[in-house]
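Got a structure for you, written out below as C-alpha coordinates; questions coming shortly.
The values are calculated or read from the model by the stated rules, or taken from the named source; none is laboratory data. In this text, all values refer to a predicted model and were calculated from it rather than measured experimentally. Heads up, the Cβs are rebuilt from the backbone with ideal geometry, glycines too, and the neighbour counts pull from every protein chain shown. Side chains are part of the model used for accessible areas, which takes the heavy atoms of the whole protein and leaves out ligands, DNA and RNA. Shrake-Rupley method; radii C 1.70, N 1.55, O 1.52, S 1.80 Å.
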Amino acid sequence: QVQLVESGGGLVQAGGSLTLSCSASGATISINAIGWYRQAPGKQRELVAVMSSSSGTTNYVDSVKGRFTISRNVAKKTVLLQMNSLKPEDTGVYYCNAQGNREGYWGQGIQVTVSS
(Lines give C-alpha, C1' and ligand atoms only; values in the text may rest on other atoms or scores of the structure.)
Protein backbone atom coordinates (compact mmCIF):
# COMPACT_ATOMS: atom_id res chain seq x y z
CA GLN A 1 0.00 0.00 0.00
CA VAL A 2 1.16 3.50 -0.88
CA GLN A 3 0.01 6.51 1.10
CA LEU A 4 0.07 10.03 -0.32
CA VAL A 5 -0.38 13.12 1.83
CA GLU A 6 -0.75 16.63 0.43
CA SER A 7 0.22 19.82 2.18
CA GLY A 8 0.70 23.49 1.38
CA GLY A 9 -2.80 24.51 0.43
CA GLY A 10 -4.73 27.43 1.77
CA LEU A 11 -6.11 30.83 0.88
CA VAL A 12 -4.24 33.15 -1.44
CA GLN A 13 -5.03 36.36 -3.25
CA ALA A 14 -5.36 36.34 -7.02
CA GLY A 15 -1.95 36.78 -8.60
CA GLY A 16 -0.22 35.08 -5.71
CA SER A 17 1.57 31.77 -5.47
CA LEU A 18 1.31 28.52 -3.59
CA THR A 19 3.37 25.35 -3.63
CA LEU A 20 1.63 22.07 -2.96
CA SER A 21 3.62 19.13 -1.68
CA CYS A 22 2.75 15.45 -1.86
CA SER A 23 4.73 13.09 0.34
CA ALA A 24 4.66 9.35 -0.26
CA SER A 25 5.16 6.51 2.17
CA GLY A 26 4.48 2.80 2.35
CA ALA A 27 5.32 0.11 -0.13
CA THR A 28 7.96 0.66 -2.75
CA ILE A 29 6.38 -0.07 -6.10
CA SER A 30 6.90 0.89 -9.69
CA ILE A 31 5.19 4.18 -10.49
CA ASN A 32 4.68 5.08 -14.13
CA ALA A 33 3.38 8.59 -13.72
CA ILE A 34 2.77 11.18 -11.06
CA GLY A 35 0.28 13.96 -11.28
CA TRP A 36 -1.98 16.52 -9.73
CA TYR A 37 -5.73 16.73 -10.19
CA ARG A 38 -8.20 19.28 -8.97
CA GLN A 39 -11.93 19.43 -8.48
CA ALA A 40 -13.90 22.63 -8.28
CA PRO A 41 -17.31 22.66 -6.58
CA GLY A 42 -19.90 21.10 -8.86
CA LYS A 43 -17.28 20.17 -11.44
CA GLN A 44 -15.61 16.95 -12.54
CA ARG A 45 -12.13 16.21 -11.33
CA GLU A 46 -9.60 17.24 -13.97
CA LEU A 47 -5.97 16.45 -14.58
CA VAL A 48 -3.88 19.54 -13.94
CA ALA A 49 -0.31 18.34 -14.38
CA VAL A 50 1.37 15.01 -15.02
CA MET A 51 4.93 13.75 -15.24
CA SER A 52 6.22 10.51 -16.69
CA SER A 53 8.32 8.75 -14.07
CA SER A 54 10.72 7.31 -16.63
CA SER A 55 11.28 10.22 -18.98
CA GLY A 56 10.38 13.20 -16.83
CA THR A 57 8.14 14.50 -19.58
CA THR A 58 5.44 16.80 -18.28
CA ASN A 59 2.09 17.94 -19.54
CA TYR A 60 -0.43 20.44 -18.25
CA VAL A 61 -4.02 21.35 -18.79
CA ASP A 62 -4.14 24.40 -21.06
CA SER A 63 -5.54 26.66 -18.38
CA VAL A 64 -2.42 26.36 -16.19
CA LYS A 65 0.33 26.21 -18.80
CA GLY A 66 3.04 28.73 -18.05
CA ARG A 67 1.81 29.18 -14.49
CA PHE A 68 2.10 25.76 -12.83
CA THR A 69 5.13 23.49 -12.63
CA ILE A 70 5.18 19.87 -11.50
CA SER A 71 8.42 18.47 -10.13
CA ARG A 72 9.64 15.55 -8.09
CA ASN A 73 12.33 14.55 -5.66
CA VAL A 74 12.69 10.80 -5.90
CA ALA A 75 14.97 10.48 -2.87
CA LYS A 76 12.54 12.43 -0.69
CA LYS A 77 9.51 10.70 -2.20
CA THR A 78 7.96 14.07 -2.78
CA VAL A 79 6.03 15.63 -5.65
CA LEU A 80 5.57 19.39 -5.84
CA LEU A 81 3.16 21.60 -7.70
CA GLN A 82 4.37 25.18 -7.92
CA MET A 83 1.44 27.43 -8.71
CA ASN A 84 2.08 31.01 -9.77
CA SER A 85 -0.18 33.82 -10.95
CA LEU A 86 -3.14 32.13 -9.33
CA LYS A 87 -6.63 32.94 -10.53
CA PRO A 88 -9.98 32.50 -8.80
CA GLU A 89 -10.82 29.73 -11.25
CA ASP A 90 -7.91 27.74 -9.83
CA THR A 91 -9.93 27.29 -6.65
CA GLY A 92 -10.68 23.70 -5.76
CA VAL A 93 -9.55 20.61 -3.97
CA TYR A 94 -6.21 19.40 -5.28
CA TYR A 95 -5.23 15.74 -5.24
CA CYS A 96 -1.88 14.16 -5.93
CA ASN A 97 -1.83 10.89 -7.78
CA ALA A 98 0.66 8.14 -8.47
CA GLN A 99 -0.11 5.63 -11.18
CA GLY A 100 1.38 2.16 -10.97
CA ASN A 101 1.13 -0.55 -13.55
CA ARG A 102 -2.32 -1.66 -12.43
CA GLU A 103 -3.39 0.66 -9.63
CA GLY A 104 -3.54 4.35 -8.91
CA TYR A 105 -2.93 5.95 -5.55
CA TRP A 106 -4.53 9.15 -4.31
CA GLY A 107 -3.91 11.68 -1.62
CA GLN A 108 -6.72 12.90 0.61
CA GLY A 109 -7.03 16.21 -1.19
CA ILE A 110 -6.17 19.70 -0.06
CA GLN A 111 -8.12 22.92 -0.47
CA VAL A 112 -6.79 25.79 -2.55
CA THR A 113 -8.86 28.96 -2.48
CA VAL A 114 -7.94 31.96 -4.62
CA SER A 115 -9.72 35.16 -3.73
CA SER A 116 -10.47 37.90 -6.23
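Can you list residues whose amide H is under 5 Å from residue 68's amide H, if they're 5+ apart or on another chain and H is modeled 1.01 Å from N?
Long-range HN contacts for residue 68: 84.
Around residue 48, which amide H atoms from residues at least 5 apart in sequence, or from another chain, sit under 5 Å from its own amide H, with H modelled in the peptide plane?
The answer is 36, 37, 38.
By how many nm would the segment from residue 113 to residue 53 lengthen if fully extended, with 0.36 nm per residue of separation less the alpha-carbon distance?
Full extension of this stretch gives 18.7 nm more.
Mind checking which of 64, 53, 82 is farthest towards the positive end of the stretch 31-83's charge dipole, using Cβ charges of +1 (Lys, Arg) and -1 (Asp, Glu) about the Cα centre?
My answer, from the dipole projection, is 82.
Here is a further query. Within the stretch 16-44, what residues put their amide N at less than 17 Å from the label point 7 Å along the Cα-to-Cβ vector of residue 84?
16-20
Evaluated at 4 °C with a viscosity of 1.567 mPa s, what Stokes-Einstein diffusion coefficient in µm²/s does the stretch 1-94 have when Rh comes from the Kirkwood expression over alpha-carbon pairs?
93 µm²/s
Pop out the ³J(HN,Hα) list for the stretch 78-88 in order, Karplus 6.51 cos²θ - 1.76 cosθ + 1.60 with θ = phi - 60°, rounded to Hz; leave Gly and Pro as x.
10, 10, 10, 10, 7, 10, 10, 6, 5, 10, x
List the residues whose amide H sits under 5 Å from the amide H of residue 87, counting only those 5 or more places along or on another chain, with H placed 1.01 Å from N in the peptide plane.
Under 5 Å from the amide H of residue 87 lie the amide H atoms of 15, each far enough along the sequence or on another chain.
Which value, in debye to the nearest 20, describes the size of the charge dipole of the chain about its Cα centre when Lys and Arg Cβ atoms bear +1, Asp and Glu Cβ atoms bear -1, and nothing else is charged?
140 debye
Students sometimes get this wrong: rank 106, 36 by accessible area, probe 1.4 Å, all chains present, largest first.
106, 36
Would you kindly state how much longer the chain becomes between residue 5 and residue 76 on full extension, computed as 0.36 nm times their sequence separation minus their alpha carbon distance, in nm to one decimal?
Numbers: separation 71, 0.36 × 71 = 25.56 nm, distance 1.32 nm.
Extending this stretch completely gives an extra 24.2 nm.
Per residue of the stretch 7-19, what does 6.51 cos²θ - 1.76 cosθ + 1.60 with θ = phi - 60° give for ³J(HN,Hα)? Whole Hz please, x for Gly and Pro, Karplus curve as stated.
Result, rounded to whole Hz: 8, x, x, x, 9, 9, 6, 3, x, x, 9, 9, 10.
Oh, and also: Kindly count the pairs of lysines across the stretch 1-105 whose alpha carbons are less than 26 Å apart, treating pairs on different chains or eight or more residues apart as eligible.
Close lysine pairs found across the stretch 1-105: 5.
What is the local net charge at residue 95, summed over the other residues whose Cβ is closer than 10 Å to its Cβ (Lys, Arg +1; Asp, Glu -1)?
+1
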